[in-house]
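Where a number appears in this text, it was derived from the coordinates with a stated rule and is not lab data. The structure presented is a predicted model; accordingly, all values stated were derived computationally and were not measured.
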Amino acid sequence: QVQLVESGGGLVQAGGSLRLSCAASGLTFTLYGMAWFRQAPGKEREFVAAISWSGGSTYYADFVKGRFTISRDNAKNTVYLQMNSLKPEDTAVYYCAAEKYRARPTISTVDYWGKGTLVTVSS
């Protein structure tokens, strides 16, 4: 049974930082591109960042470039999202996602989703 378990969300002031983690189990982690998506209240889920199975390629949404960094530790079956210079508009539930054989998972093709972790940025 595949599980993706996110952690690290919470309440932070604008300008602060958080580090999200996603621990994967039940799959061959090195065969999966991994991604983070987010969904704010009343809005559609959107892509945030992705990383290829080797970690050699990373992809970011324009609105997080220069502020967020995605990384992975294949020895620990874990993907991370370091979020710096957080803004109130970054408030959302952040979801971890995995897609086999695709370096940049898309919403419509993701194989597995985590249950999400809430990030709240106060002004």
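Data overview
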| quantity | calculated |
| --- | --- |
| Rounded to 5, percent antiparallel among DSSP beta bridges of the chain | 90 percent |
| Distance histogram for the chain (every C-alpha pair counted, 5 angstrom bins, percent rounded to whole numbers) | 2, 13, 24, 26, 19, 10, 4, 1, 0 |
| Percentage, to the nearest whole number, of Cα pairs in the stretch 7-66 over 18 Å apart | 49 percent |
| Reach of residue 87 by Cα under 20 Å, taken over lysines that are not fewer than 8 positions away in the same chain | 43, 65 |
| For the stretch 1-40 versus the stretch 61-123, the gap between their alpha-carbon centres in whole angstrom | 6 Å |
| Stokes-Einstein D (µm²/s) once Rh is taken as the Kirkwood radius of the stretch 46-100 over alpha-carbon pairs, at 10 °C in 1.306 mPa s | 131 µm²/s |
